[in-house]
1. Test S245 against the stated conditions and say whether it is more than 12 Å from ligand 1 (Cβ to nearest atom), of a type in the set (S, T, N, Q) and either assigned to a helix (DSSP H, G or I) or surrounded by 15 or more Cβ atoms within 10 Å (Cβ to Cβ) (or both).
2. Quick check: is even one residue across the range 36-44 farther than 29 Å from A97 by Cα, open to solvent by less than 20 Å² (accessible area, probe 1.4 Å) and away from ligand 2 (no atom under 16 Å from the Cβ)?
3. Restricting to the range 158-180, give me the number of residues that are among the β-branched types (V, I, T) and assigned to a strand (DSSP E or B).
4. Filter the range 91-129 for residues that are β-branched (V, I, T) and either closer than 24 Å to H287 by Cα or open to solvent by 30 Å² or more (accessible area, probe 1.4 Å) (or both) and give the result.
5. Can you find a residue in the range 215-236 that is modelled with pLDDT under 95, on the phi < 0 side of the Ramachandran plot, not basic (K, R) and not in a helix (DSSP H, G or I)?
6. Filter the range 84-112 down to the residues that are touching a Lys or Arg at 6+ places or on another chain (Cβ under 8 Å) and in a helix (DSSP H, G or I), then identify the one that is nearest to ligand 1 (Cβ to nearest atom).
7. Out of everything in the range 240-267 that is without any contact (Cβ under 8 Å) to a residue 24 or more places away in the chain and closer than 22 Å to W35 by Cα, what residue ends up being farthest from ligand 2 (Cβ to nearest atom)?
8. Just to verify a result, which residue in the range 118-141, among those that are polar (S, T, N, Q) and in a loop (DSSP other than H, G, I, E, B), is farthest from ligand 1 (Cβ to nearest atom)?
Amino acid sequence: MNLTLDIHPEVAEALQHRLAVVALESTIITHGLPWPENLEMARKTEAIIREHGAVPATIAILNGRPTIGLTDSQLEELAQARDVVKVSRRDIGVVIATGRHGATTVAGTMLLADRAGIKVFVTGGIGGVHRQAQQTMDISADLQELSRTPVAVVCAGAKSILDLGLTLEYLETQGVPVIGLDTDHFPAFYTRSSGFSVDLRLDIAQAAAAMRAHWGMGISGGLVMANPIPEAAALDKEYIDGIISAALQDADRQGIKGKETTPFLLGRIKELSGGKSLAANLALVYHNAARGAELAVAYANMEQA
Ligand code: PSU
Ligand code: MN
């Protein structure tokens with residue numbers, strides 16, 4: 001059993017020189033998007049991060065080895081693999097011990113990114129407090145991870161499969177800043193606003209400074225960097241709300257629970273909206289990649305200075 005991280009040489013080199021590195025999750029590849037769009041998304045996201053001056057590091061567990069920075073053939077293998085375990089904090093030890101493939105969620109990716117010394121992580125949307133959590137207690141481990149692990153997570157907010165109001169309350173209680181990148185609104189993934197505000201609107205340079213100050217004061221935990229979907233790619237609110245309601249009803253009827261809930265809902269939304277939600281999903285991830293790379297560069301420059 002190997003308990004050290006397998007760090008891609010290019011990523012290791014960049015980290016050693018304190019250059020900009022951007023972590024990427026892998027659950028979005030295995031459980032969030034269909035083949036072959038998932039591989040196309042993973043490759044293009046990495047390319048965009050490079051174009052913006054940072055080194056991408058997709059994170060996963062491969063045959064029980066925690067891997068920071070997948071090669072292109074590893075990306076392809078993961079994108080096509082079946083029976084990949086969805087890995088949050090609690091699953092990491094088990095998947096390493098059993099030598100399986102694991103795709104890391106936001107929580108799992110943050111944890112491994114932090115072990116590797118990566119400060120910026122780009123994803124689509126974070127997990128959160130589910131609707132009816134008052135009864136089910138279904139609160140994504142992503143939120144706990146944000147409260148304890150010092151990584152900035154660039155995302156398009158969260159899908160309204162969740163209770164976004166409660167998600168923001170939970171983050172506030174846990175001491176996690178929710179920063180709007182050039183926006184006052186907390187975005188709802190497919191739409192530019194959830195109707196809720198962010199704590200503070202900052203530009204990229206200010207956001208990098210906030211990371212530095214937050215951690216410089218010895219405060220543990222991450223920061224949410226909310227970046228809305230580009231206007232041209234945003235979906236009509238009524239349209240996507242209808243689909244989300246239908247997906248939630250299906251989950252309820254079928255008694256879906258636990259770690260299956262989010263992948264089930266993502267899958268139903270995909271089926272019910274055909275290619276529409278997929279196109280929006282890709283557009284927002286690419287936009288997050290560009291902004292996340294800019295943030296990583298700004299942060300690295302500040303550290304170097
Ligand atoms: N939301 C999305 N797409 C995703 C996920 C969430 O719109 O791919 C994935 C992320 O990996 C996230 C995880 O960390 O689902 C949350 O799962 P859960 O709700 O079981 O914590
Ligand atoms: Mn859950």
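1. yes
2. Checking the range 36-44: at least one residue is farther than 29 Å from A97 by Cα, open to solvent by less than 20 Å² (accessible area, probe 1.4 Å) and away from ligand 2 (no atom under 16 Å from the Cβ).
3. Of all residues in the range 158-180, those among the β-branched types (V, I, T) come to 161, 167, 173, 176, 178-179.
In the following step, the residues that additionally are assigned to a strand (DSSP E or B) were identified as 178-179.
Final tally of qualifying residues: 2.
4. Step one: of the range 91-129, the residues β-branched (V, I, T) are 92, 94-96, 98, 104-106, 109, 118, 120, 122-123, 126, 129.
Residues satisfying the conditions are V94, T98, T104, T105, V106, T109, I118, V120, V122, T123, I126.
5. Narrowing the range 215-236 to residues modelled with pLDDT under 95: 220.
Retained after the next criterion (residues that are on the phi < 0 side of the Ramachandran plot): 220.
In the following step, the residues that additionally are not basic (K, R) were identified as 220.
Restricting the remaining residues to those that are not in a helix (DSSP H, G or I) gives 220.
Within the range 215-236 (the criterion being modelled with pLDDT under 95, on the phi < 0 side of the Ramachandran plot, not basic (K, R) and not in a helix (DSSP H, G or I)), the answer is yes, since at least one residue qualifies.
6. A107
7. G267
8. Of all residues in the range 118-141, those polar (S, T, N, Q) come to 123, 132, 134-136, 140.
When the remaining residues are screened for being in a loop (DSSP other than H, G, I, E, B), the result is 123, 132, 140.
Working: T123: 7, Q132: 14, S140: 3 Å.
Among residues in the range 118-141 that are polar (S, T, N, Q) and in a loop (DSSP other than H, G, I, E, B), the one farthest from ligand 1 (Cβ to nearest atom) is Q132.
The values are calculated or read from the model by the stated rules, or taken from the named source; none is laboratory data. Because the structure is predicted, anything quoted here is derived from the model rather than measured. FYI the Cβ positions are ideal-geometry reconstructions off the backbone, even for glycines, and counts take in every protein chain you see. Each accessible area value is taken on the protein alone, full model and side chains, heavy atoms only, with ligands, DNA and RNA left out. Shrake-Rupley method; radii C 1.70, N 1.55, O 1.52, S 1.80 Å.
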